[in-house]
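Novice: Please find one structure pasted underneath; my questions will follow.
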Amino acid sequence: MALIFEKPSTRTRLSFEMGVYELGGHPVVLRPGEMQLSRGESARDTALVLSRQVAAVGMRTGPDSLLAELAEHAQIPVFNMLTALHHPCQALADLMTVREAFGTLTGLRLAYVGDGTNVARSLGILGTLAGMDVAIASPPGYSLEDDLSLPPGAEGSLTLYHDPREAASGAHALYTDVWVSMGDEAGAKAGGEAGGEAGAQERRAALAPYRIDDALLDAAAPDAIALHCLPAHPGEEITAEVLYGPRQRIWDQAENRRHVQKALLEFLLAA
Ligand code: CP
Ligand code: NVA
């Protein structure tokens, strides 16, 4: 199994590497600069060669177009380990964690508060596919696109809000992600407006009301759980009280990456 990481990773690398090992496979982790891809070999040629040597390939990169090009030319399964727009393996673990807590997914309300990231987008797509009502609250300028196309068969709903309490109201799971995603360090917004330190300050100020704390959890359903894809920044998007407290399932969620990804690999590779 080739696992190409063009960006840093703790959980995704550990969970895939150990998961492949547990399945009896051999994970080959490839870091930036280790492949001829970094010296101009095309995604097409890389895909053709990978297809002759490994059973499947996962990639973490910035541009979704690079992953799409690799997948277009590969003759083996290609899976997304995080791109600028999507983080589907994370969302699989998130849904597994919610189902462990409530026994079902259909009809549950999943509220995400914060930046309209790759994580939020994948939750919207997979959550609705699983029949959940996904509520996403972001400050103006940081929202997901309001015309996000949901997959065929998605029976849940996706609603975008600006008010975090409105999204959290009645939610079974309350979720957040970092304020500054990989690749966003230099700029305030996806469009690159107001970059630098001023941009970072503007981003923090805009996102501060979207922090998951005990008060926001109190606005959710009585048995609501708190989720976070990690890495966390306690005091920014989530308080330490919630991150290490009794209502979180965040560390189970991190573990579940491995379990659900093993199921994904079986699904992709079983004859
Ligand atoms: N949640 C997640 O994908 O973590 P890593 O960036 O550490 O892989
Ligand atoms: N939105 C974050 C997720 C990290 C797992 C990022 O892209 O950096």
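Novice: Looking only at the range 79-93, decide whether some residue is on the phi < 0 side of the Ramachandran plot and more than 18 Å from the chain's Cα centre (by Cα). Outline the logic, then answer.
Specialist: Pass one, the range 79-93, residues on the phi < 0 side of the Ramachandran plot: 79-81, 83-93.
Narrowing further to those that are more than 18 Å from the chain's Cα centre (by Cα): none.
Checked the range 79-93: no residue is on the phi < 0 side of the Ramachandran plot and more than 18 Å from the chain's Cα centre (by Cα).
Novice: Could you check the range 240-268 and list, in sequence order, the residues that are in a loop (DSSP other than H, G, I, E, B) and of a type in the set (Gly, Ala, Ser)? Even if it seems obvious, please write down each step before you answer.
Specialist: So in the range 240-268, the residues in a loop (DSSP other than H, G, I, E, B) come out as 244-247, 249.
Gly245, the sole residue that qualifies.
Novice: Determine the pairs where a residue that is on the phi < 0 side of the Ramachandran plot, located within the range 27-51, has a partner that is in a loop (DSSP other than H, G, I, E, B) and among the basic types (Lys, Arg) with Cβ atoms under 9 Å apart, the partner being 6 or more residues away or on another chain.
Specialist: Every condition considered, the pairs that remain are Pro32/Lys7.
Novice: Turning to a different aspect of this structure: Mind listing just one residue for me: the one in the range 74-123 that is assigned to a helix (DSSP H, G or I) and polar (S, T, N, Q) and, of those, farthest from Ala173 (Cα to Cα)?
Specialist: First, the residues of the range 74-123 that are assigned to a helix (DSSP H, G or I): 88-102, 118-123.
Filter once more, so that each one left must be polar (S, T, N, Q): 90, 97, 118, 122.
Details: Gln90: 15, Thr97: 10, Asn118: 18, Ser122: 15 Å.
Among those residues, the one meeting the criterion is Asn118.
Novice: Could you check, for the range 240-256, whether at least one of its residues is under 30 Å from Ser51 (Cβ atoms) and out of contact with any strand residue (DSSP E or B) (no Cβ under 7 Å at 6 or more places or on another chain)? I'd like the intermediate steps shown before the answer.
Specialist: At the first step, the residues of the range 240-256 found to be under 30 Å from Ser51 (Cβ atoms) are 256.
Still in the list and also out of contact with any strand residue (DSSP E or B) (no Cβ under 7 Å at 6 or more places or on another chain): 256.
So far as the range 240-256 goes, yes, one or more of its residues are under 30 Å from Ser51 (Cβ atoms) and out of contact with any strand residue (DSSP E or B) (no Cβ under 7 Å at 6 or more places or on another chain).
Novice: Sort through Arg165, Arg249 and tell me the only one that's more than 16 Å from ligand 2 (Cβ to nearest atom), more than 30 Å from Glu17 (Cβ to Cβ) and among the basic types (Lys, Arg). Break it down into steps so the answer makes sense when it comes.
Specialist: Numbers: Arg249 fails: more than 30 Å from Glu17 (Cβ to Cβ).
None of the others qualify; the one that does is Arg165.
Novice: Given (1) closer than 16 Å to Pro88 by Cα; (2) among the aliphatic types (A, V, I, L, M); (3) within 13 Å of ligand 1 (Cβ to nearest atom), where does Ile250 come up short, assuming only one miss?
Specialist: Answer for Ile250: the failing condition is (1).
Novice: While we're here: Does Thr159 fit the bill of being of a type in the set (S, T, N, Q) and closer than 22 Å to Ile212 by Cα?
Specialist: Numbers: of a type in the set (S, T, N, Q): yes; closer than 22 Å to Ile212 by Cα: yes.
Considered against the rule, which asks whether it is of a type in the set (S, T, N, Q) and closer than 22 Å to Ile212 by Cα, Thr159 comes out as yes.
Novice: Next question. Any idea which residue in the range 206-256 is surrounded by the fewest Cβ atoms within 10 Å (Cβ to Cβ), counting only those that are β-branched (Val, Ile, Thr) and closer than 23 Å to Asp163 by Cα? Spell out the reasoning first.
Specialist: Of all residues in the range 206-256, those β-branched (Val, Ile, Thr) come to 212, 225, 238-239, 242, 250.
If we keep only those that are closer than 23 Å to Asp163 by Cα too, we end up with 212, 225, 238-239, 242.
Working: Ile212: 29, Ile225: 24, Ile238: 29, Thr239: 19, Val242: 23.
Filtering the range 206-256 for residues that are β-branched (Val, Ile, Thr) and closer than 23 Å to Asp163 by Cα, the one surrounded by the fewest Cβ atoms within 10 Å (Cβ to Cβ) comes out as Thr239.
Novice: Any residue in the range 177-198 that is buried (at least 18 other Cβ atoms within 10 Å of the Cβ), among the charged types (D, E, K, R) and either more than 23 Å from Ser122 (Cβ to Cβ) or away from ligand 2 (no atom under 15 Å from the Cβ) (or both)?
Specialist: No: the range 177-198 contains no residue that is buried (at least 18 other Cβ atoms within 10 Å of the Cβ), among the charged types (D, E, K, R) and either more than 23 Å from Ser122 (Cβ to Cβ) or away from ligand 2 (no atom under 15 Å from the Cβ) (or both).
Novice: Of all the helices (runs of 4 or more DSSP H) wholly in the range 1-73, which have at least 2 residues that are within 19 Å of Ala93 (Cα to Cα) and polar (S, T, N, Q)? First the steps, then the outcome.
Specialist: Working: elements: 11-22, 43-53, 64-73.
Filter on the range 1-73 gives 11-22.
Novice: Does at least one position in the range 177-192 carry a residue that is modelled with pLDDT of 95 or more and more than 27 Å from Cys89 (Cβ to Cβ)?
Specialist: The answer is no; no qualifying residue exists.
Novice: Within the range 103-126, how many residues turn out to be away from ligand 2 (no atom under 16 Å from the Cβ), touching a Leu at 6+ places or on another chain (Cβ under 8 Å) and under 28 Å from Arg204 (Cβ atoms)? Walk me through how you get there before you give the answer.
Specialist: Restricting attention to the range 103-126, the residues satisfying the condition of being away from ligand 2 (no atom under 16 Å from the Cβ) are 103-111.
Filter again for touching a Leu at 6+ places or on another chain (Cβ under 8 Å), leaving 105, 110-111.
Subsequent filtering for residues that are under 28 Å from Arg204 (Cβ atoms) retains 110-111.
The number of residues fulfilling the criteria is 2.
The values are calculated or read from the model by the stated rules, or taken from the named source; none is laboratory data. Remember, predicted model here, so these are calculated numbers, not experimental data. Quick reminder, even Gly has a Cβ in these numbers, built from the backbone with ideal geometry, and neighbours come from all protein chains shown.
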